[in-house]
Amino acid sequence: MPQRILFLFIILFTASANAQEITETNTDSIYFKALDLYKETSYQQSLDYTNRGLELAPDYHDIRILRIRNRWALEQIRLAGDDLIYLLQNVPDYPGVSELANRQVLLFKDSQRALEFINILEEQQNSNLEVQVLKASLYEKAGKKKEARELALELFSNRELNNDQRYTIQNILKRTISNEIGFNYQYINFSDDYSQSDSWNTFSGEYLHYFGRSAVIGRITHLDRNYDSGSLYEIEAYPVFSDRVYAFVNLGLSNGTIYPDLRGSASVFVNFLKSFELEAGGRLLHFSEQDYFTGIAGLTYYTGKFYLNTRAFIGPETLGQLVQNYQFNIRYYLKDTDNFIFGRLGSGISPDESTIFTQVQENPGLDAYYLNFGLNKTLGAKHIIQVSGGFLQEDLSNGNTGNQLIANLGYRFRF
């Protein structure tokens, strides 16, 4: 019985205290008291004061803004959205309203609710570039690939995108493809300094499919050296772990005549400081009973319409020599991520250049330098062509310097 009496006393005392709190009639006093409580992180008490203040003065906008902040702190996101809609409908130009609306979108845990709120912002003509980039990202997360891609393509040409926003748009454009079929042809011509005089011809075909945000590729490559030939069969994947982290894995098999019996590759890519992307990984090549490992490190910088990348391939060690490849890659995007001019400058030959890497195994300590440039361009909505040309110069074991002219022609079809 005494416990019940004590319990009732506490309830009555609390009710009395609350009643005393909401009997205030001076709205300025209510606002400053609520603000002090907010600064003390007493969010529920501050919310009670803002509720009382808006009962007395619904158009006291600073009190409403403070109530929004209290509701955010208390994770009452939908109720905060109702207050924001009131402000957007009545005083869209009031100081701080636009910034609050942008942040409100980020706080929704459900993509569909966030999209609904963005639609309200657009109706009030309160949607800016940041919100539009977020809308494209939300479309993608909600599985609306068509809408995400259309909006991302529209935004990509906007010169006001900052580096972080451009990086987000580029990833959306990559992830909103469902299927691709691609074909590639490579021609290599050797100077008279080489022992072989015949050119090399490489043909490849591949199929790409997206499972959610992750791409999986199957590829067959056939190399014809006229005096010898071989084929490489690969499966490749790009699993996406978050907006900032994804990976690359590859497994290849061949009959071992030209390509390695087994080829394994893996890299992890991490975006940081908004504009940078770090790569760390390795390649493993298995020939007969011999294994060769290559370590990889890369750094990419996105600035405006430029993609700037440096990569280093260290290893394998063969015939007492450590194979090394250093390269600088550049892209300049014309109107979107599928239309760009590209180039590569490097020394050494990496294991990723599987057609010509066999030359490194024969002469691991000899120098090689190369230059490559080309164009990637869309034809309509579903067709992509890529043309490129390059020049490679390398030392030969006979003491001469050999030159190679390399040409590539590629075609991709999306559906």
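The values are calculated or read from the model by the stated rules, or taken from the named source; none is laboratory data. This is a predicted model, so every value here is computed, not measured. Cβ coordinates were reconstructed from backbone atoms using ideal geometry, including for glycine residues, and neighbour counts include every protein chain displayed. Keep in mind that these areas ignore ligands, DNA and RNA; they rest on the heavy atoms of the full protein, side chains included. Shrake-Rupley method; radii C 1.70, N 1.55, O 1.52, S 1.80 Å.
Over region 59-181, what percent of the accessible surface lies on carbon and sulfur atoms, probe 1.4 Å?
Carbon and sulfur: 43 percent of the exposed surface of region 59-181.
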### Query
To the nearest 10 square angstrom, how much accessible area does SER204 have with a 1.4 angstrom probe?
30 Å²
### Task
Find the accessible area per residue for the chain; the probe is 1.4 Å, ligands and nucleic acids are left out, and the unit is Å².
52 Å²
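Rounded to the nearest percent, how much of the accessible area of region 324-415 (1.4 Å probe, protein heavy atoms only) is carbon and sulfur? Write out the running numbers ahead of the final one.
Numbers: 2670 of 4430 Å².
Of the solvent-accessible surface of region 324-415, carbon and sulfur hold 60 percent.
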### Query
Using Cα atoms only, what is the angle between the long axis of helix 43-56 and the major principal axis of the chain, expressed in degrees (0 to 90) to the nearest 10?
60 degrees
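Tell me, what is the percent relative contact order of the chain, built from C-alpha pairs under 8 Å that lie six or more residues apart?
9 percent
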### Query
Are there chymotrypsin sites (Phe, Trp or Tyr not before Pro) in region 126-229 that DSSP puts in a loop and that have at most 14 other Cβ atoms within 10 Å, and which ones?
TYR227
### Summary
With R₀ set to 41 angstrom, the calculated FRET efficiency between the beta-carbons of ASP164 and ILE217, to the nearest 0.05, is 0.90
### Query
Scanning the chain for GluC sites (Glu not before Pro) in DSSP loops with at most 12 other Cβ atoms within 10 Å, what's the longest stretch left with none?
161-288
## Note on the structure
In nanometres, the difference between 0.36 nm per residue of separation and the alpha-carbon distance of LYS382 and GLU116 is 92.7 nm
### Message
I want to make sure I understand the PRE zone here: with the label point 7 angstrom from the Cα of THR303 toward its beta carbon, which residues in region 250-294 have backbone N atoms less than 15 Å away?
### Response
274-277
## Note on the structure
Rg from C-alpha atoms of region 232-276, normalised by the globular rule of thumb 2.2 N^0.38 Å, equals 1.54
## Note on the structure
On the formula 1/(1 + (r/R0)^6), with r taken between the Cβ atoms of ASP198 and PHE287 and R0 of 25 Å, the FRET efficiency rounded to 0.05 is 0.60
## Note on the structure
On the formula 1/(1 + (r/R0)^6), with r taken between the Cβ atoms of VAL268 and ARG78 and R0 of 30 Å, the FRET efficiency rounded to 0.05 is 0.20
### Query
In the Gaussian network model of the chain, springs joining C-alpha atoms below 10 Å, which of PRO351, PRO316, PRO92 carries the largest mean-square fluctuation?
PRO92
### Summary
With Cα coordinates, the longest principal axis of the chain makes an angle with the long axis of helix 163-175, in degrees rounded to 10, of 70 degrees
### Query
Across region 144-210, how large is the tail of the calculated P(r) beyond 13 Å, expressed as a percent of all Cα pairs?
74 percent
### Query
If you stretched the chain out fully between TYR326 and ASN189, how much longer would it get, using 0.36 nm times the residue separation minus the C-alpha to C-alpha distance?
47.0 nm
### Message
Taking loop as defined by DSSP and a crowding limit of 11 other beta carbons within 10 Å, which trypsin sites (Lys or Arg not before Pro) in region 302-385 fit?
### Response
LYS382
## Note on the structure
Longest principal axis of the chain (C-alpha) makes with the long axis of helix 2-21 (C-alpha) an angle, in degrees to the nearest 10, of 90 degrees
### Query
So how much accessible area does ASP338 have, in Å² to the nearest 10, using a 1.4 Å probe?
20 Å²
